[in-house]
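Let me begin by presenting the structure, written as structure tokens, before commenting on it.
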Amino acid sequence: MSVYGASGTSVDIRLKKVSKIYHEGENVSGVVVVHSKNEIKHDGITLSMDGSVSLQLSTKSTGVFEAFYNSVKPIQLLSYCLDVCKAGKLPPGKTEIPFEFPLRAKGSKTLYETYHGVFVNVQYLLKCDLKRPILNKDLQKVAEFIVEYADGEKAVTKPVEFKITPESLQNVKEKSKIPRFAVHGKLDSTICNICKPFTGEIVVERCEAPVKSIELQLVRVETCGCAEGYARDATEIQNIQIGEGDVVHETSIPIYMVFPRLFTCPTLITSNFKVEFEVNVVIIFDDDHLINENFPIRLTRF
């Protein structure tokens, strides 16, 4: 999508790769496209490429750790800037200006995978600025591209079997009020390839109360902090229903979930922040009481 100025001039950034996915060591190339009805004067066109990790404290943590504020500054992973066109004039119509950047980290930094979270964000942006003479508004266009690991830890199958009964529940004050039930199941692996679906099965053996719904919840656990303290926040990424109503007992219900792009990434643990993931199996009874079984999972790219 192009950005148009009042004079009918537009600026756009088009990458060579349609997928916009790049790996460290590759070149990020494309063209800056300027559309104009008339000849335009400009004071230069610059293009910058930036990669950074932005960390944000949740409202419940703000004011608790004052020393935090230093560690919550954005972490710059890469930064390049180049003049793609010197000051001058552009003819009417469409002008394409090619560019190319090497995708390399700044100093000893690591290029983490693109990730859009709530309190942790890893983003890689191209920003084009077309500077105009006085009384004319400058034009700016920002485009995001995606970074993925070229190699790394391979997922090793680690199946987990589980059984949920009133006796196995924790953090319950009055277990006597919980209906008698027994649920068992299996997760095919808690170490997961992010490109493949999360699978398993669940079986309701018996249950005194009618079941309203069985759901699978994917949760991100983001930790920001430093030596003075950490803020750890768990938020929902997605929730899918795998069983509707009072399901047939002693019948295997398949678990199948695709990891959403950008909102998940390979599990990331650094000195300043962590991005981890968990899966909750949630069983909701007809009276809206629910039981929840939590499983930490590890995501890999391969």
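The values are calculated or read from the model by the stated rules, or taken from the named source; none is laboratory data. All values derive from a computational prediction rather than experimental measurement. As a convention, Cβ positions derive from the backbone with ideal geometry for all residues, glycine included, and neighbour counts pool all protein chains shown. Heavy atoms of the whole protein, side chains included, go into the accessibility calculation; ligands, DNA and RNA do not. Shrake-Rupley method; radii C 1.70, N 1.55, O 1.52, S 1.80 Å.
Some points to look at:
- Meets criteria (under 19 Å from the mean Cα position of the chain (by Cα) and either at pLDDT 85 or above or within 30 Å of GLY88 (Cα to Cα) (or both)) for LEU111: yes
- Residue within region 72-86 that is modelled with pLDDT of 90 or more, among the small types (Gly, Ala, Ser) and surrounded by fewer than 12 Cβ atoms within 10 Å (Cβ to Cβ) present: yes
- Members of region 12-56 that are open to solvent by less than 60 Å² (accessible area, probe 1.4 Å), over 30 Å from VAL118 (Cβ atoms) and outside any strand (DSSP E or B): GLY25, GLY44
- Annotation note: Cβ proximity below 7 Å between a residue of region 135-148 that is over 15 Å from PHE101 (Cβ atoms) and a residue that is charged (D, E, K, R) and open to solvent by less than 50 Å² (accessible area, probe 1.4 Å) (sequence gap 6+ or interchain) occurs for ASP138/ASP129; ASP138/ARG132; GLN140/ASP129; LYS141/ASP12; GLU148/GLU113; GLU148/ARG301.
- Of the listed requirements (1) among the β-branched types (Val, Ile, Thr); (2) at pLDDT 90 or above; (3) in a loop (DSSP other than H, G, I, E, B), THR59 misses just one: (2).
- Selection status of VAL122, among the β-branched types (Val, Ile, Thr), under 30 Å from SER54 (Cα atoms) and part of a loop (DSSP other than H, G, I, E, B): no
- For region 157-186, the set of residues classified as out of contact with any Ser or Thr (no Cβ under 8 Å at 6 or more places or on another chain) and of a type in the set (A, V, I, L, M, F, W, C) consists of PHE162, ILE164, LEU169, VAL172, ILE178, listed by residue number.
- Yes/no for LYS131 being surrounded by fewer than 16 Cβ atoms within 10 Å (Cβ to Cβ), without any contact (Cβ under 8 Å) to a residue 40 or more places away in the chain and more than 18 Å from the chain's Cα centre (by Cα): no
- Which listed residue, of VAL258, VAL282, is at pLDDT 90 or above and open to solvent by less than 30 Å² (accessible area, probe 1.4 Å): VAL282
- The residues of region 191-218 that are under 26 Å from PRO260 (Cβ atoms) and either over 27 Å from the mean Cα position of the chain (by Cα) or buried (at least 19 other Cβ atoms within 10 Å of the Cβ) (or both), listed by number, are CYS192, ILE194, PHE198, GLY200, ILE202, LYS212, SER213, ILE214, LEU216, LEU218.
- Cβ-Cβ under 7 Å pairs, at least 6 apart or on other chains, region 181-205 side in a loop (DSSP other than H, G, I, E, B), far side surrounded by 20 or more Cβ atoms within 10 Å (Cβ to Cβ): ASP188/GLY200; THR190/ILE297; ILE194/PHE259; ILE194/THR264; ILE194/PRO266; ILE194/LEU299
- Among residues of region 73-99 that are over 30 Å from GLY225 (Cα atoms), those with a Cβ under 6 angstrom from a residue that is open to solvent by 70 Å² or more (accessible area, probe 1.4 Å), sequence gap 6+ or separate chain, pair up as ALA87/ASP43; LYS89/GLU39; LYS89/LYS41; PRO91/GLU39; PRO92/ASN38; PRO92/GLU39.
- Qualifying residue in region 152-169 (condition: without any contact (Cβ under 8 Å) to a residue 60 or more places away in the chain and open to solvent by less than 20 Å² (accessible area, probe 1.4 Å)): yes
- Taking the listed residues THR270, THR223, THR264, the one that is open to solvent by 20 Å² or more (accessible area, probe 1.4 Å) and of a type in the set (Ser, Thr, Tyr) is THR270, with no other qualifying.
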